[in-house]
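The values are calculated or read from the model by the stated rules, or taken from the named source; none is laboratory data. Quick caveat, the model's predicted, so the values are computed rather than measured. With ideal geometry, Cβ positions are generated from the backbone for all residues, glycine too; neighbour counts draw on all protein chains shown. Just the protein is used for accessible areas: all its heavy atoms, side chains included, with ligands, DNA and RNA removed. Shrake-Rupley method; radii C 1.70, N 1.55, O 1.52, S 1.80 Å.
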Amino acid sequence: MSKQKDDTAQEDSGVLSSPEIIDDSPAGDEEPPKEHHRFRTFIIIFLIVIVVLALAVVGCGAYLYYDDQEQIQYAPENTTIDGTLEVGGMTRDEVGEALDGLFERGYAGKITLTNGRDSYTISLANIGMVDTEATVDEVFEPYNTDTIERIRNRVTDRIEDETPSYDVSIVYTLNPKKLKKKVKKLATKIDTPATDATYSFNEKKLKPVVVKSSDGVKVDVDETVMDIRRAFDGVGISFAVPIVTETVKPEVTKPGKAIVVDMSACRLSLYKNGKRIRQYPCTPGQPGYPTPTGDWSIVAKDPAPTWYNPGSDWAKSMPDTIPPGESNPLGLRSLELSCGGGIYIHGTTSLSELGTPASHGCIRVANENIVKLYDLVDVGTPVYVR
């Protein structure tokens with residue numbers, strides 16, 4: 001009862017008590033602050049940008065990779081072979097066909113072989129063959145880098161608006177046998193024998209004149225071939241190689257001795273290396289039996305000659321042979337001449353006839369002088385009879 005009264009009293013008094021508000025919502029449902037919303041939006045946008053960029057990079061990379069793989073199927077632009085054949089943009093097969101056509105038209109590099117001021121050429125087409133596969137590999141050599149580097153270079157070239165140019169040399173393989181054959185043939189034009197010192201005869205002065213010796217030249221074929229092969233790096237460009245030669249020395253550097261018979265003066269002179277060292281009076285052939293004139297040589301020496309009757313009219317009364325000795329018509333020594341007919345330079349005891357043409361074709365010298373002369377000359381000594 002008392003409680004109801006109190007409630008009624010409160011209502012009657014016009015004062016309402018405020019009901020107690022109870023928040024039953026959970027604490028997590030509170031509205032987040034605005035800064036949190038902005039950060040989350042930024043993150044989402046950032047991730048979207050990253051994804052878009054990643055997709056763009058992947059797409060661009062895929063395109064560049066595809067473009068690179070397409071490009072390497074063709075020879076680089078502005079590519080030539082030996083500066084003559086344009087092959088840029090061709091496939092490997094097309095380059096090979098074009099290369100074969102170029103060689104078939106007679107194009108090839110040359111080897112220049114030099115010998116002092118002289119030079120000789122050998123076409124590579126004659127001593128080898130084109131290595132087509134290796135040459136094509138050289139054309140595509142700029143692609144022998146990794147993909148990334150090729151792409152980077154290509155992009156750089158496009159940005160700078162530049163297209164590199166390449167010139168490739170034909171690659172050859174040499175045939176050693178053909179090369180040696182060519183060098184041997186060339187050597188026949190270069191090889192020069194050595195010249196021994198000798199004499200020529202001065203007709204006006206009636207004396208021998210020395211002709212000096214000269215060195216010869218011989219090509220060292222094997223060494224020249226080796227130098228060519230060392231210099232040849234397989235490419236078809238022309239190049240020069242000095243010919244390897246050897247100096248051939250003469251066997252005779254001084255002409256030595258020579259005999260001059262002056263029949264008009266009836267005088268025999270001995271020369272050594274162009275200088276007269278001896279002179280003797282002699283008896284050349286008489287008019288009916290003249291001594292043969294010409295350029296002869298000593299072909300035999302006899303230190304004790306035996307005289308054999310030639311059967312001539314003037315010898316009919318003489319024995320068939322006369323043994324060696326002072327009474328022998330050939331004297332103490334004899335030197336046979338190359339003119340034939342039994343013509344000798346020989347000794348004599350007929351000293352009164354020296355200085356006059358009185359022999360039967362031979363050339364007589366006093367015995368004491370023929371003994372000296374005999375020891376001073378050899379077989380092969382030239383004899384000039386004038």
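Numbers below:
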| read-out | value |
| --- | --- |
| Reported label for calculated Rg/Rh (Cα atoms, Kirkwood Rh) given (i) 1.01; (ii) 1.75; (iii) 0.98 | (ii) |
| Length released on extending from Lys204 to Lys189, taking residue separation times 0.36 nm less the Cα-Cα span | 1.7 nm |
| Where Val171, Val379 fall by accessible area, highest first, once all protein chains stay in place (1.4 Å) | Val379, Val171 |
| At R0 = 56 Å, FRET efficiency that the Cβ-Cβ distance of Tyr120 and Lys275 yields, to 0.05 | 0.80 |
| Heavy atoms of Lys301: accessible area, 1.4 Å probe, square angstrom to 10 | 70 |
| Spin-label pair Thr80/Asp313, simplified geometry with 7 Å Cα→Cβ offset, distance in nm | 9.3 |
| Amide N proximity, the range 269-302 versus Ser350 label position 7 Å along Cα-to-Cβ, cut-off under 17 Å | 281-292 |
| Above-threshold pairs, the threshold being 29 Å between Cα atoms, out of Lys249/Lys372; Lys180/Lys249; Lys184/Lys249; Lys177/Lys212; Lys189/Lys275 | Lys249/Lys372; Lys177/Lys212; Lys189/Lys275 |
| Accessible area of Asp233 in the full protein assembly, 1.4 Å probe (Å², nearest 10) | 110 |
| Cα gyration tensor category, rounded, prolate or oblate, for the range 285-345 with a/c compared to 1.5 | oblate |
| Extension gain from Asp227 to Asp93, taking 0.36 nm per residue of separation minus the Cα-Cα distance | 44.8 nm |
| Label point 7 Å beyond Cα of Arg386 along Cβ direction - residues of the range 183-203 with amide nitrogen under 18 Å | 198-203 |
| Length added when fully stretched, Arg38-Thr147, from 0.36 nm per residue minus Cα-Cα | 34.9 nm |
| Thr163 - accessible surface, heavy atoms, 1.4 Å probe, Å² rounded to 10 | 90 |
| Amide H contacts of Phe201 (H built 1.01 Å from N, under 5 Å, at least 5 apart or other chain) | Val209 |
| Gaussian network model of the chain, Cα within-10 Å springs - most flexible of Ser123, Ser334, Ser317 | Ser317 |
